[in-house]
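As structure tokens, the structure follows; a few thoughts come after it.
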Amino acid sequence: MRRREFIWLFGAGVAWPFAVLAQEPGRTYRLGFLYPFRLEPPDAVAAFFGELKRAGFVEGKNLTFEFRAFAPHPERMAEYAAELVKSDPDLILAAATAIPALQEVTKTIPILGLGGDLVGMGLVNSMRRPNGNVTGVSFPTTELDGKRQDILIEAVPGLRQMAVLANAKDADTTTRLDALKEAAHARNIELSIYRVASGQEIAAAIDSAKASGAQALNVLSSATFFGLRHIIFERALALRLPTIYWMPDFSQEGGFASYGPSWVHIIGDIYARQAVQLLRGTKVADVPVEQPFKFDLVINLKTANAMGVTVPPALLARADKVIE
């Protein structure tokens, strides 16, 4: 990805108050990024860099960064990780799925992970005091998956068959799916599982789910699905398949329903604060792994109407936001 495009995406020029805090005079700080796709949406990215700027880390003055997007060439993950480490950054920010590749090439550079259950995936040993060189933002994935499944069952009265779309490469996928199957069985819901290993398999998996009789779809959180969410939006709408997602932002972009933390909350409130701590020299063990603490239910009635779905009034009344 071209550096100019990356700078534009990350909200260069956002006006935030500048504060001189704990930076070393004359020093330039370096960030490395390893994600499936370029980071978005712009408002969340602006929130992240705005918080860094408020803390005194300003791109073009005392902050530079290198970015690698591995989704187009997942087989080059190890190569990208080695390139970032070779650039000698002060901090590497990475999707949870990229952390193992980074751990193979550095045991000392702090890594700020994002996504999944970092403890359950074996990437850190403890939320409160992580060992090694990894900390970050972790998600209570199993609990949230179940909550979304319950919401979707309520949103589609009479539902008896449901599908789940999962990333086969995520380390905690099996545990999450087992919990969903047990919960569905308890409610006499037939649950079909569709694991995909690449973005090219997503549309076909959704088609298969619909063809097999699924009346709704639960999309598990995944960095890969985040980058390819519009493919899921479009296919679900074309098949009139009510689908629930893990971030409120998705319903605002056209998804049927979503429940979870907003990207601005995760990136701007938590991730940026952790990054500032690590850039200032705080030891990884002293930066606890955190979880989002604000969760919103958003329902897009425009999409529901296009799918021919009548959402029960009781569920609409509980929604934090209804898009009409």
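Worth a mention:
- Test: residue 237 is touching a Gly at 6+ places or on another chain (Cβ under 9 Å) and either at pLDDT 95 or above or in a strand (DSSP E or B) (or both): yes
- Any hit, region 129-136, residues being within 19 Å of residue 261 (Cβ to Cβ), small (Gly, Ala, Ser), surrounded by 18 or more Cβ atoms within 10 Å (Cβ to Cβ) and in contact with a strand residue (DSSP E or B) (Cβ under 7 Å, 6 or more places away or on another chain): yes
Conditions (1) closer than 26 Å to residue 269 by Cα; (2) among the charged types (D, E, K, R); (3) touching a residue at least 24 places away in the same chain (Cβ under 8 Å), marked per residue:
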position	(1), (2), (3)
105	no, no, yes
121	yes, no, yes
129	yes, yes, yes
152	no, no, yes
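- Checked against (1) part of a strand (DSSP E or B); (2) more than 26 Å from residue 49 (Cα to Cα), residue 259 passes all but a single condition, namely (2).
- Number of positions in region 254-295 that are open to solvent by 60 Å² or more (accessible area, probe 1.4 Å) and within 22 Å of residue 150 (Cα to Cα): 4
- Test: residue 220 is touching a Lys or Arg at 6+ places or on another chain (Cβ under 7 Å) and open to solvent by less than 60 Å² (accessible area, probe 1.4 Å): yes
- Taken as a whole, the structure leaves residue 304 outside the set of residues that are open to solvent by less than 10 Å² (accessible area, probe 1.4 Å) and either in contact with a strand residue (DSSP E or B) (Cβ under 7 Å, 6 or more places away or on another chain) or assigned to a loop (DSSP other than H, G, I, E, B) (or both).
- The residues of region 152-190 that are open to solvent by less than 10 Å² (accessible area, probe 1.4 Å) and among the aliphatic types (A, V, I, L, M), listed by number, are 152, 155, 159, 162, 163, 164, 165, 166, 177, 180, 184.
- The one condition in (1) at pLDDT 95 or above; (2) open to solvent by less than 50 Å² (accessible area, probe 1.4 Å) that residue 207 fails to fulfil: (2)
- Matching residues in region 80-103 - criterion: being hydrophobic (A, V, I, L, M, F, W, C) and touching a residue at least 60 places away in the same chain (Cβ under 8 Å): 91, 92, 93, 94, 95, 96, 98, 101, 102
- Selection count, region 243-253, where residues are more than 24 Å from residue 50 (Cβ to Cβ) and surrounded by fewer than 22 Cβ atoms within 10 Å (Cβ to Cβ): 0
- If the condition is being in a loop (DSSP other than H, G, I, E, B) and not hydroxyl-bearing (Ser, Thr, Tyr), then region 174-217 contributes 187, 188, 189, 197, 213, 214, 215, 216.
Here is a yes/no grid of residues against (1) modelled with pLDDT of 95 or more; (2) open to solvent by less than 50 Å² (accessible area, probe 1.4 Å); (3) in a loop (DSSP other than H, G, I, E, B):
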| site | (1), (2), (3) |
| --- | --- |
| 31 | yes, yes, no |
| 57 | yes, yes, yes |
| 84 | yes, yes, no |
| 98 | no, yes, no |
| 102 | yes, yes, no |
| 106 | yes, yes, yes |
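The values are calculated or read from the model by the stated rules, or taken from the named source; none is laboratory data. No experiment lies behind these values; they were computed from the predicted model shown. A quick note on method: Cβ atoms are made from the backbone with ideal geometry, for glycine too, and the neighbour counts reach across all protein chains shown. To get the accessible areas, we keep the full protein, side chains included, count just its heavy atoms, and leave off ligands, DNA and RNA. Shrake-Rupley method; radii C 1.70, N 1.55, O 1.52, S 1.80 Å.
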